[in-house]
Amino acid sequence: MKPERLSWVTVPLRLFTLLSVLGLLLLPFLGALLNLILGAVLGDASTTAEDAQIISWVRLFTGSTLWVLFFIGLAWTVFEYLTYRAVVAGLAWGRVAAIVIAVVGLLNFPFGTLLGVFLLIGAFDPAVQRYAAG
């Protein structure tokens, strides 16, 4: 039988996963916005050749950084989803991973902090600990 406070772990995990997916979906728009801004700076009449070269390098590294962030975010989202599945299945590593996700989520004020606190309360509940242990 599933403990009463298991939903205090699973619901925040689902919300963390949903927020991660939304963040991944918004990442291409951030890249387009940065390209638009940097393109406008390049088109400005007061931009010198040296400034244009620096801005070209900034565009290159910004695009590369966004791709790296996308793959790191994708891996984190998959980790959150697999953790949710493990917690529902009652696996011990899922509870430990949920605690890690909650601690990282505490840094994301205000929603991540709220979700992280609920997740930690649920993860340290004795009934949830027994459920995850066996």
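Structural remarks
- Residue list for the stretch 45-73, restricted to those being of a type in the set (Asp, Glu) and surrounded by fewer than 10 Cβ atoms within 10 Å (Cβ to Cβ): Glu50
- Among the residues making up the stretch 74-98, those that are touching a Leu at 6+ places or on another chain (Cβ under 7 Å) and surrounded by 16 or more Cβ atoms within 10 Å (Cβ to Cβ) are Thr77, Glu80, Thr83, Tyr84, Val87, Ala98.
- Filtered residues of the stretch 65-112 (kept if closer than 28 Å to Arg130 by Cβ, free of Cβ contacts under 8 Å to residues at least 60 places away in the same chain, in a helix (DSSP H, G or I) and over 13 Å from the mean Cα position of the chain (by Cα)): Leu82, Arg85, Ala86, Ala89, Ala92, Trp93, Gly94, Val96, Ala97, Ile99
- Scanning the stretch 8-60 for residues that are among the hydroxyl-bearing types (Ser, Thr, Tyr) and either without any contact (Cβ under 8 Å) to a residue 12 or more places away in the chain or more than 21 Å from Asn108 (Cβ to Cβ) (or both) returns Ser46, Thr47, Thr48, Ser56.
- Selection over the stretch 5-36 of residues that are among the hydrophobic types (A, V, I, L, M, F, W, C) and surrounded by 12 or more Cβ atoms within 10 Å (Cβ to Cβ) gives a count of 14.
- Residue match in the stretch 19-27 (condition: among the β-branched types (Val, Ile, Thr) and not in a loop (DSSP other than H, G, I, E, B)): yes
- Restricting attention to the stretch 111-134, the residues that are surrounded by 15 or more Cβ atoms within 10 Å (Cβ to Cβ), closer than 15 Å to Glu4 by Cβ and not hydrophobic (A, V, I, L, M, F, W, C) add up to 3.
Each value in this text was obtained by applying a stated rule to the coordinates, not by laboratory testing. Being a predicted model, the structure only gives us computed values, none of them experimental. In this analysis, Cβ positions are derived from the backbone assuming ideal geometry, glycine residues included, and neighbour counts consider all displayed protein chains.
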